[in-house]
């Protein structure tokens, strides 16, 4: 398929016939045919023309640079969109949990993979809510802080000139600037930027009494946690600012309001007819959400994604006690 | 649809803006109260109220003063009719909002405790800023001195008190003196309440607090105190001990036994003439903590010997405590409540004469001790005993 009147960019759809949903295929083809622009320079252009909720904070089209990830998505019944000249392969429909599933989860052993999967959810929540929780606690709900910790916080707040919200805003924005500068520059220079920016400025800001040390810690953890789930990093950055604003004006209540609003939005969101939260519903897909079950227990492809040939794996007994079983088998013979 | 979305968004934003950060208090506008003390005043109907406020030292910048010797808290003091009035007066003297949520301890001077603590405690039960876990303590002398004192280890005296009380509670839940517990026990008909009694010791400019026993309250007034041994008897009679020890001294030697756990049950018996006997059974499991002497006995003999002696000692301690309670005419063991629970009709007739009946009541204690463990060593130290 060729999209773009001037650039004539080759766009290729990759899917497994008999596994991908025919309705999604025809819908995708229809949406692609609707695009009558003169230029498609990257797969990101395509993403913006075909996504379900262009104004949502959350993307409904997933992307990857890794061939194995793209292949895995196709095998789950998704359709990959490969755009000429772009290293990013898009895939639809996208589910929310996809951002939290890393390729390494499936290559590593089960228990550690489950822990790191869980850590990713935690990191996402931290990066969105940690600054706002800190603001809410120190400016509204001091009674919720343990006494000794309260004195530590109070000591750090003593003598700093700005209210907690402003302090957090300064830190968040300076971090965003640092990150942006680091991304644009060549790698060796980028490292120098982060050292000067983060270490020197951060330390000087604390010792000059402009920003409190707990706030620096909070924002630093927030920033690092933001890198754990790169696919949702942009959504997290915006959400973080919104929750901070509400935490500063309404406290924990404001955070709750925003949390519920986002939750309602996410529940209503769909990607090519598949609910965004599909796998989080209690179903057999739950084996691959908060934790990852062993590969041999995931015998079926995800619900609502795969149609037709949904069996990944026939009945399989893992070799739990190989010697015993083999001996018993010999006896029977 | 779009209009509705916009409306929702507008309402959300306006909700945030119009609320105008109500109730927002920056940390540096708060005076964090850590302890409250109440002392008797010379003027009738008034009391001295003392608030201990934690001092916050800026760690930001190099402005931090090095003189940490002048204590970590300052004192606000006011003589007033009620605590709320006193707090309002103190608020006028303070540049920061008095923040009561983190109050760790509520201290009563001995004198005001004798006058009655119930009128003082109402505010604490009513105000939402005060936690129900606040520890209540009676201080030998004045509560103010404790709040002013500089403690050996703990940064803030009130934190020190809260930690001490925590340790006490690990011995028996009957030593727990949170505001909630105290308020709950106030509802009991005859049973006397107890509160821990502490004394401030001072040496070379360093202070520490020592719990010296319990005070016994009747109707919210202190009527007497129990020293260490009587306190031991009291918690033995209450049962549910989680830790503790009992010392047995005989002519053969001296031993300390650790109480691993103990339980007790009591049954009141009322005679026709109004004679009251409380039958109490105490079962304790103990282990050998320390031995001195007993050099001519084998370990089995010692264990048997100690078991009997421990039982005797337990009976004596509980008996002494009961007698002490009777001397104060304070129903420490809750005999009245037990009678009310077991025989409500009988209680109605006894109730009116209770104050004369109770001092004549008898206690019948039966204690069984079980020595289950000799500790890490199975032998006793003796010369030339190597096999």
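Out of every Cα pair in the protein assembly as shown, what percent are spaced more than 37 Å from each other? Don't jump to the answer; show the numbers that get you there.
On the way: 160829 of 258840 pairs.
Counting pairs separated by more than 37 Å, the tail of P(r) holds 62 percent.
How high is the relative contact order of the range A:228-299, in percent, counting Cα pairs under 8 Å that sit 6 or more residues apart?
Taking the mean separation of contacting Cα pairs over the length of the range A:228-299, I get 12 percent.
Helix B:228-238: angle to the longest alpha-carbon principal axis of chain B, degrees 0 to 90, nearest 10?
The answer is roughly 90 degrees.
Of A:189, A:201, A:224, which has the largest mean-square fluctuation in a 10 Å C-alpha GNM of chain A?
In the Gaussian network model the winner is A:189.
How much of the DSSP bridge set in chain B is antiparallel, in percent, rounded to the nearest 5?
Values: 56 of 83 bridges.
For chain B, the DSSP antiparallel bridge percentage is about 65.
Quick one: P(r) of the range B:194-336 from all Cα-Cα pairs, 5 Å bins, percents rounded to integers, in order of increasing distance.
For the range B:194-336, the binned pair fractions read 2, 8, 16, 17, 16, 15, 11, 8, 5, 2, 1, 0, 0 percent.
Can you give the convex hull volume per residue for the Cα atoms of the range A:1-126, as a whole number of Å³?
On the way: hull volume 14.0 nm³, N = 126.
It comes to 111 Å³ per residue, whole-number rounded.
How much of the DSSP bridge set in the protein assembly as shown is antiparallel, in percent, rounded to the nearest 5?
Once the DSSP bridges in the protein assembly as shown are tallied, antiparallel ones form about 75 percent.
With a bin width of 5 angstrom, please list the P(r) values of the range A:62-153 as percents of all Cα-Cα pairs, from the 0 bin to the one holding the largest distance.
All Cα pairs considered, the percentages come to 3, 11, 16, 14, 13, 11, 8, 8, 6, 6, 4, 1.
If you count the DSSP beta bridges with both ends in the range B:228-387, what percent of them are antiparallel, to the nearest 5?
On the way: 23 of 34 bridges.
Percentage antiparallel, nearest 5: 70.
Can you tell me the equivalent ellipsoid semi-axes for the range B:320-359? Use √(5λ) from the Cα gyration tensor, largest first, whole Å.
Values: eigenvalues 76, 25, 5 Å².
The equivalent ellipsoid of the range B:320-359 has semi-axes of 20, 11, 5 Å.
Looking at chain B from every direction and averaging, what is the projected area of its Cα convex hull in nm²? Walk me through the intermediate numbers first.
On the way: hull surface 132.2 nm².
Over every viewing direction, the Cα hull of chain B projects on average to 33.0 nm².
Checking the a/c ratio against 1.5 first, then a/b against b/c, what shape does the Cα gyration tensor give for the range A:76-119?
Numbers: a/c = 2.84, a/b = 2.18, b/c = 1.30.
Note, shape of the range A:76-119 comes out prolate.
How long is the range B:71-111 along each principal axis, judged by its Cα atoms, biggest number first, in Å?
32, 25, 20
Rounded to the nearest 500, what is chain B's calculated 222 nm mean residue ellipticity when only DSSP H runs of at least 4 contribute -39500 (n - 2.57) each, over all residues? Present the calculation step by step, with values, prior to reporting the outcome.
Working: 12 runs with 130 residues, N = 387.
The per-residue figure over chain B is -10000 deg cm²/dmol.
In vacuo Debye scattering of the range B:68-189, one point per C-alpha: log10 I(q)/I(0) at q = 0.13, 0.23 Å⁻¹?
-0.57, -1.77
Kindly state, to the nearest 0.05, the FRET efficiency for residue A:35 paired with residue A:204, given R0 = 35 Å and r defined as their beta-carbon distance.
Numbers: r = 50 Å, r/R0 = 1.44.
Calculated value: 0.10.
Averaged over its residues, how many other protein chain Cβ atoms are within 10 Å of peptide A:155-165's Cβ atoms?
Across A:155-165, the average partner-chain Cβ count within 10 Å equals 6.
Work out Dmax and Rg for the range B:290-387 from the C-alpha atoms and quote the Rg first, both in angstrom.
For the range B:290-387, the Cα-based Rg and Dmax read 21.4, 69 Å.
As I understand it, the value is the acute angle between the Cα axis of helix B:83-93 and the longest principal axis of the Cα atoms of chain B; what does it come to in degrees, rounded to 10?
Tilt relative to chain B: about 40 degrees.
Need one word for the range B:164-257: rounded, prolate or oblate. Basis is the Cα gyration tensor (sqrt eigenvalues a ≥ b ≥ c); a/c below 1.5 gives rounded, then a/b vs b/c decides.
Values: a/c = 1.88, a/b = 1.23, b/c = 1.53.
Oblate.
Please compute the Kirkwood hydrodynamic radius over the range A:40-96, one decimal place, Å, based on all pairs of different Cα atoms.
Working: mean 1/r = 0.0871 Å⁻¹.
Every distinct Cα pair counted, the radius reaches 11.5 Å.
What is the distance in Å between the Cα centres of the range B:116-155 and the range A:121-192?
So the two Cα centres are separated by 36 Å.
Please compute the average number of Cβ atoms from other chains found within 10 Å of each residue's Cβ in peptide A:240-252. Could the numbers behind the result be given before it?
Numbers: counts 0, 0, 2, 0, 0, 3, 5, 1, 3, 10, 7, 5, 0.
Per-residue shielding by partner chains comes out at 3.
Counting only C-alpha contacts under 8 Å and six or more residues apart, can you give the relative contact order of chain B as a whole percent? Don't jump to the answer; show the numbers that get you there.
Numbers: 708 pairs, mean separation 48.0, N = 387.
After rounding, I find 12 percent.
Okay, helix-only estimate at 222 nm for chain A: each DSSP H run of n ≥ 4 adds -39500 (n - 2.57), divide by all residues, round to 500 deg cm²/dmol; what do you get? Walk me through the intermediate numbers first.
Values: 13 runs with 171 residues, N = 333.
Dividing the helical sum by the residues of chain A leaves -16500 deg cm²/dmol.
Could you give the spread of the C-alpha atoms of the range A:123-241 along their three principal axes, from largest to smallest, in whole angstroms?
Projected onto its principal axes, the Cα set of the range A:123-241 covers 46, 31, 20 Å.
If we restrict to alpha carbons, what Rg and Dmax does the range A:142-194 come to, in Å?
Computed over the Cα atoms of the range A:142-194, radius of gyration and Dmax are 16.5, 47 Å.
When chain A is treated as a GNM, springs tying every alpha-carbon pair under 10 Å, which of A:136, A:102, A:192 comes out with the largest mean-square fluctuation?
Highest fluctuation of the listed residues: A:192.
Between residue A:53 and residue A:141, what is the label-point separation in nm under the 7 Å Cα-to-beta-carbon projection?
In this crude label model, residue A:141 to residue A:53 measures out at 2.5 nm.
Given R₀ = 22 Å, what would the calculated FRET efficiency be for residue B:203 paired with residue B:245, taking r from the Cβ atoms and rounding to 0.05? Numbers along the way, then the final one.
On the way: r = 26 Å, r/R0 = 1.20.
For R0 = 22 Å, the calculated efficiency reads 0.25.
Sorting A:175, B:123, A:316 on the 10 Å Cβ count, fewest up front, what's the list?
On the way: A:175 19, B:123 16, A:316 11.
Lowest count first: A:316, B:123, A:175.
Please give the FRET efficiency for residue A:299 paired with residue B:301, using the beta carbon to beta carbon distance and R0 = 56 Å, rounded to the nearest 0.05.
On the way: r = 70 Å, r/R0 = 1.24.
Once rounded, the FRET efficiency stands at 0.20.
Run the numbers on chain A and let me know its relative contact order in percent, using alpha-carbon pairs under 8 Å that are six or more apart.
Values: 449 pairs, mean separation 77.3, N = 333.
This gives 23 percent for chain A.
To the nearest 10 degrees, how steep is helix A:110-139 against the longest Cα principal axis of chain A, on a 0 to 90 scale?
30
Regarding the range A:194-292, what are the three Cα extents along the principal axes, ordered largest first, in Å?
54, 32, 23
Is there a simple number for the mean count of other chain Cβ atoms within 10 Å of the Cβ of residues in B:30-39, and what is it? Before the final figure, lay out the partial values.
Values: counts 4, 0, 5, 0, 2, 0, 0, 0, 0, 0.
The shielding value for this peptide is 1.
Connecting C-alpha atoms closer than 10 Å in a GNM of chain B, tell me which of B:315, B:146, B:352 has the biggest fluctuation.
Fluctuation is largest for B:352.
How big is D for chain A, in µm² s⁻¹ as a whole number, if Stokes-Einstein is applied with the Kirkwood radius of its Cα pairs at 10 °C and 1.306 mPa s? Numbers along the way, then the final one.
Values: Rh = 22.9 Å.
Estimated via Stokes-Einstein, D reaches 69 µm²/s.
Bear in mind these aren't lab numbers, they're just calculated from the coordinates by the rules spelled out. Just so it is clear, the structure is predicted and the values come from calculations on it, not from any experiment. All Cβ positions, glycine included, derive from the backbone under ideal geometry; neighbour counts span all protein chains shown.
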